[in-house]
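Working notes for the structure below.
Read-outs: derived from the displayed coordinates by stated rules, not from any lab. As the structure is a computational prediction, the values presented were derived from the model and not from experiment. Methodologically, a virtual Cβ is constructed for each residue, glycine included, from the backbone with ideal geometry; neighbour enumeration extends over all protein chains shown.
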């Protein structure tokens, strides 16, 4: 487990490099496309440059999470439209990229935040640390229910899962909201997402436990920690990570959680983004895993009964 954690964390977080960062140039002149092409050529695959004819359209694109920043060139001064809420680390990369462009053109540059971070989310990583809290506590609870509940029926374990999961999500959320002042103004939506996420983690943990048993800690640490945190986009956006983690980001549960929270909190104009779809997919997967666990336990219970019956018959034959 230590080796797996080492490989995933260092591979996912070591030396982030931008690749295909979505940015824009705002220009109404006929030379706009040419200027964008020049920036694209100069920066190569670090960026994907779009052109918008007005600042309003560029701001709308930022608010819909289509681009991470937009540069407005000027004769005496350039302006960079930014979105720290998109990702604070990515925002820093965008600022550095266009600062270099501005310096090369020998024109000073100012920045203007289109989507700012909340007062109590200065690093833009509240959603990530909330993910960490929920993940570790939820899969630990899931293992506890599965192990301590070996004497319980599978149905009784599921009956414990729902109320305990709601209690866990509620306690964690109340601490985050009212002690740490996180997620102000979005209480019910964030609590609901947290409750859904916890139930997903518990369902996968309890459903898989009959299959993995002694490998539970390694399995669930891999699913909900090593692969989950590194691909979530909470520390670095996938455009700053190796391709493997960008691929995982498209469907892993932590990514769905981070994207959904970020959209609720900062980008309501983005519509139903991929985060909602990812969580919905994992909800379906969670149900399938629970059914698989139930079928596995039922099959093994029948095998045990059959072995017991054969042993009893053998004893009778010996006695006779």
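Quick notes on this one:
- Footprinting exposure proxy for 104, 50 (fewest neighbouring C-beta atoms within 10 Å first): 104, 50
- Principal-axis tilt of helix 253-266 within the chain, Cα atoms, nearest 10 degrees: 50 degrees
- Set against the labelled values (1) 105, 39, 30; (2) 58, 55, 40; (3) 69, 54, 35, Cα extents along the principal axes in Å computed from this structure falls on (1).
- Axis angle, to the nearest 10 degrees, between helix 187-212 and the longest C-alpha principal axis of the chain: 40 degrees.
- Relative to the dominant Cα principal axis of the chain, helix 32-43 is inclined by about 60°.
- Computed per residue of the chain from DSSP H runs no shorter than four, each worth -39500 (n - 2.57), the mean residue ellipticity at 222 nm is -20500 deg cm²/dmol.
- Computed over every Cα-Cα pair of region 76-127 and binned at 5 Å starting from 0, the pair-distance distribution P(r) comes out as 5, 21, 27, 20, 13, 8, 5, 1 percent.
- Centre separation in Å (Cα based) which lies between region 82-103 and region 14-47: 12 Å
- Fewest-first sequence of 186, 20 by Cβ atoms within 10 Å of each Cβ: 20, 186
- Neighbour-count order for 217, 89, fewest beta carbons within 10 angstrom listed first: 217, 89
- A straight line joining the Cα centroids of region 246-278 and region 171-201 runs 16 Å.
- Distance cut-off 24 Å, percentage of C-alpha pairs in region 126-306 lying past it: 38 percent
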